[in-house]
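Step one of this worksheet: look at the structure below.
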Amino acid sequence: MNLSDGKFIYRLLLFLSLFLGWTTDSVGQQNSFPEYAMKAAFVYNFTLFTQWPEYSENTLTVCTMYSDRLREELEQFASKLTQDNKKIVIQKITRNQNAAQCQVVFLSEEDMTHAPTILALIQNSPVLTVTDIPGWAEKGVIIGMNIQNQRIVFEINLKSAQQAGLQLSSKLLNLARKIYK
Amino acid sequence: MNKNRILIRLSRKYNTTVLRLYSCIGSIFCLFFFLIGSNTLADDKKHDLAGASLEELLNFELITASKIARQVSDAPSAVSIVTADDIKAYGYRTLGEILNSMRGLNITYDRAYDFLGGRGFSSPGEYSGRIMLLIDGMQANDNVYNQAYFDHSGLIDTELIERVEYVPGPGSVAYGNNAFFGIVNIITKKGTDFNGAQAAVSVGSFLTGKARLTYGKQFSNDVDLLLSASGLASRGQNFYFPEFDNGDPLNNNGIAHRQDGQNNQRFFAKLQGRNWLFEAGHSRRHKDIPTAPYGADFNTHYFYTDTNKFVAGQYHIDLSNNLKLSLLTDFSDFRYHGNSLFSGEYWPDESIGRRWGTEAKFSGSWFDFHKIIFGVAFRDDFQRKIITPAASSDHGRQTISVYAQNEFTLRNNLWLNLGVRNDYFTDDGNAISPRFALIYEPLPEHFVRLSYSRAHRTPTAFEKFYTDGEFLLPNPNLKIEHVHAAELVLERRWGNQSRVLASFYHQTTVKPIQTTPYSSDFVQYLNTNGARARGIEIEAEHHWRNNMRVRASYAFQDSEDGAGNWAINSPRHLGKFNFTAPIYGDLFRTGVELQVVSRRKTHLGNTTGGFAIANATLNTNRLIPNLDISFTIRNLFNTNYVHVAPDYNMPLSTIAQDSRNYWLQLTYEFK
């Protein structure tokens with residue numbers, strides 16, 4: 001191949017710029033955040049608007065299954081925050097553990113095969129279930145998050161919340177995109 | 001050979017112009033990179049997520065994380081998925097290009113249609129029958145040839161596709177007739193994905209242009225609307241076929257001059273609410289055929305026009321707490337028109353396929369740990385008409401189907417899936433399709449899936465009734481063909497970021513329908529000896545947190561025809577490699593892919609060499625307000641390679657594929 005000078009320089013430039021581009025870190029635009037950091041922030045906010053029936057420990061346990069990315073973000077969050085002087089503890093559960101010991105269970109897309117079993121296990125226990133699996137709020141998860149136009153929206157299954165004995169604040173209900181009764 | 005080169009050069013004359021254009025655009029990109037690369041992007045004024053209120057959070061935009069897509073199709077086999085992000089990153093223009101990137105699949109193009117090859121099926125010219133194509137759950141194969149349309153004759157623009165899933169293996173248990181070797185499941189986007197009007201204009205090599213206009217909106221009452229129209233025109237290439245350069249003065253020295261053009265028009269409309277959906281589509285493609293198949297006169301006007309239309313509706317209702325009902329109904333209309341010259345005489349060919357169908361599907365959850373699905377379907381293929389100068393036929397038929405399926409959760413890490421379906425055809429009788437699958441998760445995120453399934457395909461109207469009155473003979477006595485397959489899949493996942501899988505399969509066909517060779521005295525479809533295929537597929541996929549992603553696969557297949565010989569056009573080795581990365585945050589994205597196909601056997605019994613093809617795409621992502629630019633180079637290293645020709649393309653045994661070609665697309669959003 002016989003590259004003319006112009007062609008060669010242009011190719012070198014393209015190569016360099018691509019190389020520099022790849023090595024540049026992902027940069028956030030204003031008011032836009034990585035998906036799992038956003039989801040973690042939402043989960044934390046949901047707990048602020050939820051009332052559990054009395055439980056003795058001074059900790060709020062948020063459980064995740066196989067979504068490592070969400071758990072890491074939640075852990076970062078928890079290190080900064082407390083809720084009403086309660087400590088927030090993030091715990092990984094596997095299918096064999098009793099999810100009923102958690103105050104919040106997050107079911108991610110990775111947990112899809114196990115979601116029906118987990119839901120059956122904690123039926124009628126005071127556990128706030130949250131998911132990002134599309135359509136699962138309708139199937140019985142209390143709060144479902146969806147992505148719409150690059151933003152997170154959420155829907156609430158009020159029936160499931162009542163069965164679990166949880167009180168969701170009216171503010172939370174007002175902000176929900178959809179409520180299943 | 002010399003002549004060949006001159007011709008190729010002639011046909012590439014246009015490409016040099018595009019190359020210059022490409023250089024220009026490249027340089028502009030470079031400039032951008034340097035201008036913005038150093039400073040502006042460091043502007044990192046992040047709000048604190050931890051301090052944000054719920055109202056604020058709802059207004060923040062998110063940067064979607066790259067993750068392994070979850071399958072929608074209900075199947076235990078090793079499903080392959082290509083998402084809208086992939087379509088954009090790799091610049092896919094047709095369903096064929098999408099399928100060609102998937103593990104173990106390869107497309108064969110005879111300059112008329114894209115044929116799909118995979119586990120134990122490969123023979124070009126079978127009209128991609130034996131593969132079921134679903135668009136949002138609606139069957140989109142025509143009912144004369146049972147063909148699935150993957151090229152520019154397909155019903156849907158790739159820009160409207162949310163995801164494509166390929167489910168390898170027999171799928172009759174869920175979809176009945178013709179879900180024989182696999183299912184291609186297209187899920188289209190919603191109006192809200194566009195949220196306004198979008199216009200796209202593209203230009204490409206071989207004087208190709210395309211324009212598309214799409215409008216999407218979600219109304220406040222949750223009703224979602226998507227409307228789209230597009231048109232494509234391509235002049236195509238001139239070809240030199242040495243096989244036709246035989247001194248015959250009518251053969252133009254073996255040069256097919258301007259016999260490769262095509263154009264298409266597409267419309268698509270989708271309106272959906274919370275529990276209902278209405279969808280309609282139309283596509284018409286006209287393609288000139290340069291290869292003079294079936295012994296037609298060379299370098300004369302030979303064309304195929306395929307028109308597909310459909311309307312479909314779905315309604316979902318909760319009959320009780322534990323019982324859901326889905327009602328589906330569709331109508332479709334297929335027209336084919338072909339014209340060719342034989343010894344100076346026109347041979348017009350026409351077929352019309354029309355059908356409607358309806359289905360009631362129930363989903364019951366009465367018992368914990370059981371998910372029961374059952375239903376009935378009726379389908380009326382009321383017209384399957386073939387018109388040739390020699391003979392016409394029209395044989396309608398009806399199908400009644402019943403099916404049931406149960407998914408047991410035996411333990412919290414063990415699932416059993418049992419299903420069976422019976423289809424009754426008024427012309428071909430009954431066919432039973434069972435499926436058995438066991439899914440086991442011995443350790444968290446380690447999966448073992450074992451399945452057995454059987455599928456069937458009835459002879460098509462074309463196979464049974466088409467005749468030219470002398471050489472191509474009908475065979476109304478054709479019987480249903482069957483396939484059995486067993487598959488073992490081992491999969492390891494790490495969250496939704498990484499996975500590796502290995503699949504081992506064994507598959508046999510029973511009385512497969514095939515033609516006698518075109519070199520014999522007459523051509524007729526017959527039920528022949530069963531064939532067998534077995535193979536191993538390995539795939540690894542990883543998504544980085546900075547949204548780079550890679551997918552690599554290797555497939556080994558050992559496919560034998562009914563006589564125990566190596567099957568025609570079945571490469572033993574197939575390799576795929578896909579890598580995409582964002583550049584400068586998310587402002588640009590590159591996609592690079594590599595496809596390797598080993599040697600294949602042709603209809604003449606000889607072999608043709610393997611090849612490796614690389615494609616590359618560069619996209620801008622909201623770099624310029626409202627305007628996205630996408631630039632693709634296919635066959636990056638300008639490899640000379642051929643596909644195996646269908647038998648009826650004699651004297652051609654292989655067909656040369658496109659040299660390096662370019663595609664530039666501008667997409668503008670009206671916001």
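The values are calculated or read from the model by the stated rules, or taken from the named source; none is laboratory data. Since this is a predicted model, take the numbers as computed values, not measurements. Don't worry about glycine lacking a Cβ; one is built from the backbone with ideal geometry, like all the others, and counts go over all protein chains shown.
Some points to look at:
- Where strands (runs of 3 or more DSSP E) fall wholly inside region B:391-439, the ranges with 3 or more residues that are within 14 Å of chain A (Cβ to nearest Cβ) are B:397-411, B:414-425.
- Annotation: B:THR388 fulfils all but one of (1) within 30 Å of B:PRO517 (Cα to Cα); (2) β-branched (Val, Ile, Thr); (3) at pLDDT 95 or above; the unmet one is (3).
- Applying the condition of being farther than 16 Å from A:ASN45 by Cβ and either at pLDDT 90 or above or of a type in the set (Ser, Thr, Tyr) (or both) to region A:148-160 and asking which residue is surrounded by the most Cβ atoms within 10 Å (Cβ to Cβ) yields A:ASN157.
- Candidates B:PHE334, B:PHE342: the one that is more than 14 Å from every other protein chain (Cβ to nearest Cβ), surrounded by fewer than 18 Cβ atoms within 10 Å (Cβ to Cβ) and within 30 Å of B:PRO389 (Cα to Cα) is B:PHE342.
- The listed residue being in contact (Cβ under 8 Å) with a residue 24 or more places away in the chain, of a type in the set (Asp, Glu), touching a Pro at 6+ places or on another chain (Cβ under 8 Å) and closer than 24 Å to B:SER570 by Cα, out of B:ASP658, B:ASP647: B:ASP647
- Per this entry, B:THR307 is not counted among residues that are touching a Leu at 6+ places or on another chain (Cβ under 8 Å), closer than 28 Å to B:ASP142 by Cβ and without any contact (Cβ under 8 Å) to a residue 40 or more places away in the chain.
- Single residue of B:ILE8, B:ILE36 found to be surrounded by fewer than 16 Cβ atoms within 10 Å (Cβ to Cβ), at pLDDT below 70, assigned to a helix (DSSP H, G or I) and more than 7 Å from every other protein chain (Cβ to nearest Cβ): B:ILE36
- Total residues in region A:125-145, condition within 13 Å of chain B (Cβ to nearest Cβ) and touching a residue at least 24 places away in the same chain (Cβ under 8 Å): 8
Residues are listed down the side, and each one gets a yes or a no for (1) within 23 Å of A:GLU155 (Cβ to Cβ); (2) within 12 Å of the chain's Cα centre (by Cα); (3) surrounded by fewer than 22 Cβ atoms within 10 Å (Cβ to Cβ):
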{"site": "A:LYS86", "(1), (2), (3)": "no, no, yes"}
{"site": "A:VAL89", "(1), (2), (3)": "no, no, yes"}
{"site": "A:CYS102", "(1), (2), (3)": "yes, no, no"}
{"site": "A:HIS114", "(1), (2), (3)": "yes, no, no"}
{"site": "A:LEU128", "(1), (2), (3)": "yes, no, no"}
{"site": "A:ASP132", "(1), (2), (3)": "yes, yes, no"}
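- Matching option when the condition is touching a residue at least 12 places away in the same chain (Cβ under 8 Å) and within 14 Å of chain A (Cβ to nearest Cβ), among B:LEU604, B:LEU636: B:LEU636
- Total residues in region A:149-181 satisfying the condition of being within 15 Å of A:LEU128 (Cα to Cα) and touching a residue at least 12 places away in the same chain (Cβ under 8 Å): the figure is 17.
- Residue match in region B:301-309 (condition: more than 25 Å from B:PHE268 (Cα to Cα), surrounded by 20 or more Cβ atoms within 10 Å (Cβ to Cβ) and aromatic (Phe, Trp, Tyr)): yes
- Some residue of region B:160-168 being under 16 Å from the mean Cα position of the chain (by Cα), part of a loop (DSSP other than H, G, I, E, B) and either small (Gly, Ala, Ser) or within 14 Å of another protein chain (Cβ to nearest Cβ) (or both): no
- Members of region B:522-553 found to be of a type in the set (Ser, Thr, Tyr) and buried (at least 20 other Cβ atoms within 10 Å of the Cβ), listed by number: B:TYR525, B:SER553
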